[in-house]
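Only one structure is covered here, and it is reproduced in the block below.
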Amino acid sequence: MSATEADYIIVGGGLTGCTLARDQMLLITQMLVRPSAVLLLQGLTWIGRIQVFLMPQQITEFISTMLGKLLGVGVLVTNLVLCPSTLTCYVANPEEYLILVSTLLILVVNYAGWSRGNAADYDAWGAIVDDSRWSYAGLLPFFKKSEKYFDKKADPEQHGFEGPIHIISTSASDPDRQYGLREPLLKAWTNIGVKYNPDPVGSTEGISEYLENWRDGQRQPAQKAYGIEGITVITNKRVNRIIFSKDEEERPKASGVQLSDGRFIKAHKEVILSAGTFGTPQVLMLSGIGSASALSALGIQVVHDAPEVGQNLFDHFAHFQLWKVRHPEEGLAMGNPIWNKPAYFKGMPCDWVVNERVPSNFLERVEESTQDSDSSLLKAGGCHIESSVIYAPAGIPGLPMNGTFISSSIMLLLPTSRGAVTLASTSPSDLPLITSNYYSTKADVACLIYGTRRMLQVMLETSPAKEYIEGEVAPPGQAELSPDSLDEEIEQRIRAVGMSHKHAAGTVAMGKVVGSDLKVLGVGGLRVVDGSVLPVPIGGHPQATLYALAEQAADIILDEARV
Ligand SMILES: Cc1cc2nc3c(=O)[nH]c(=O)nc-3n(C[C@H](O)[C@H](O)[C@H](O)COP(=O)(O)OP(=O)(O)OC[C@H]3O[C@@H](n4cnc5c(N)ncnc54)[C@H](O)[C@@H]3O)c2cc1C
């Protein structure tokens, strides 16, 4: 087949798109239409541009330094625009991001943090869509299929050892990767009552080693892990819209896509959208699938009235804090000469992840005072807060990387706030509008205050961590926080500096816009396989879940194709 037709067209070559493509290549000819979420780096004075939607301006300095250290090159991250109303960032001009130069190093922007959600989170998903394939037990074979877990003694009922994604812990990655705050932090968290959890699968509660998908000392993006050799790939072209014809019953059926250069690519079997939480609803709406009244108001011909397209946006909203260490000469933080060891850059400078449930008496108070429609999720048995300490001033602009500062992240695992993605205009090159609504429910406010107070207690009041921490460094214009700060003071701080953890999902929710077989309801020949289909938040970093989602999707599609 030529590049004007394919059996299956996958729109979007990000995490799920690459996974899906590889899984099906034995059976079908495919096309991956891919404007590529990559950073391109070259030489010493290189300029990189980021195409992803979600990079917060505040962390570009950290990323630049980290990448520069990792790769031994100078890195300048440019072209980012902060959209204040949404707490989300875009590149200024997504059409412009690919500057092709001779020797390119391609790097996907994703920190590689790896964790599954709690079993209860997936069980809630399976129950909502009434399909056990999306429960924890239903997804487990696909978690295992995707991973190559580093610890051969780990439970084979829970882990895979032959998959493409290499998972490794901080301590196993290199015997020389011994960060100075590792033991003090472990002891402090256990002294405050958190249990050590050696393998956070099924139940994620407790303190566990930080896990990452790195292979042989290098970050492992989806297209490298799965390999897209042999697949027809069109890069640097956006899909403007899906083209519909009619099936035998006169229902709309996706018959191909139109690219930004005007070309039409025909799909003999299916169009599969893997354009992500913002891209997928945008393409659907531009193609006439969305709220009929909103589409008509823009003059877009309605193919199927689906008011839920773009709704249900959620993210792991987070509060980052900065801390000054007492003994910078001991090499506790990035910037000290000790950090010239290559081992220290075999992943994120972090040892532990702490997953906690907010106590039930506290939650009951929240639930009594809240009207949130899905605060029931909080009761389901999952964890509500993830805390971690990073041995560098991540997320805070303007601070020197001189071995003096570290940072912490407190992340809402099961947010109850919901936002929306809508069209800004009928032009596919205009970015969609994002109304994040992050941190807008009482439950979210209460859970993040609880998590922030826990972090303050660990860092400032609990041995041995407190012996290493001189104090919190307040952002400009803000007062320092302490474990005794009032709830209102902590809330005010979070509202001033809180930000997305870049885990947005949910805008094409399963059960509302797509069925549990991932087919878009109301039309034929069209599926969605990406983070947008999650109906509810999952209390882990999304990668592990999305690889499993794409693996299961590939099975569903292959099974149907075999009939
Ligand atoms: C800075 C950052 C750090 C992160 N760190 C972590 C982490 O440490 N751990 C973790 O688990 N998760 C992390 N994530 C989240 C994780 O990367 C995402 O959840 C995941 O990539 C989502 O996968 P996806 O396939 O749904 O979408 P994506 O991977 O975003 O892929 C969507 C693709 O579609 C393309 N596209 C969009 N619109 C169109 C169109 N119209 N035509 C053609 N192509 C289109 C995009 O260019 C992109 O390549 C991070 C995200 C960011 C941004």
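Scan the stretch 246-325 for GluC sites (Glu not before Pro) in coil per DSSP, keeping those whose Cβ has at most 10 other Cβ atoms within 10 Å, and list them by number. Could the numbers behind the result be given before it?
Details: sites: 248, 249, 250, 270, 308; in loops: 248, 249, 250, 308.
Those satisfying the criteria are 248, 249, 250.
Step by step: find N for the stretch 202-319, compute 2.2 N^0.38 Å, then divide the Cα radius of gyration by it. What's the final number?
1.43
Below 9 angstrom from the Cβ of residue 438, what's the summed charge of the other residues (Lys, Arg +1; Asp, Glu -1)? Kindly include the intermediate steps, with their values, before the conclusion.
On the way: positive: none; negative: 315, 444.
For residues surrounding residue 438, the net value is -2.
Keeping all protein chains in position, work out how much accessible area residue 472 exposes to a 1.4 Å probe, and write it in Å² to the nearest 10.
10
Which FRET efficiency, nearest 0.05, do residue 495 and residue 427 yield, Cβ-Cβ r, R0 35 Å? Walk me through the intermediate numbers first.
On the way: r = 33 Å, r/R0 = 0.96.
The calculated FRET efficiency here is 0.55.
Over 32 Å between Cα atoms: which of 224/442; 153/442; 152/237; 269/512; 195/324; 152/519 fall into that group?
224/442; 153/442; 152/237; 152/519, as the Cα separations exceed 32 Å there.
Quick one: net charge of residue 481's neighbours, Cβ under 14 Å, K/R +1, D/E -1?
-3
Kindly provide the GluC sites (Glu not before Pro) of the stretch 162-228 that DSSP labels as loop, not H, G, I, E or B, and whose Cβ sees at most 11 other Cβ atoms within 10 Å.
162
The values are calculated or read from the model by the stated rules, or taken from the named source; none is laboratory data. This structure is a prediction, so every number in the text was calculated from the model and none was measured. Positions of Cβ are backbone-derived with ideal geometry, glycine not excepted, and every protein chain shown enters the neighbour counts. Please note that ligands, DNA and RNA were not included when accessible areas were found on the heavy atoms of the full protein model with its side chains. Shrake-Rupley method; radii C 1.70, N 1.55, O 1.52, S 1.80 Å.
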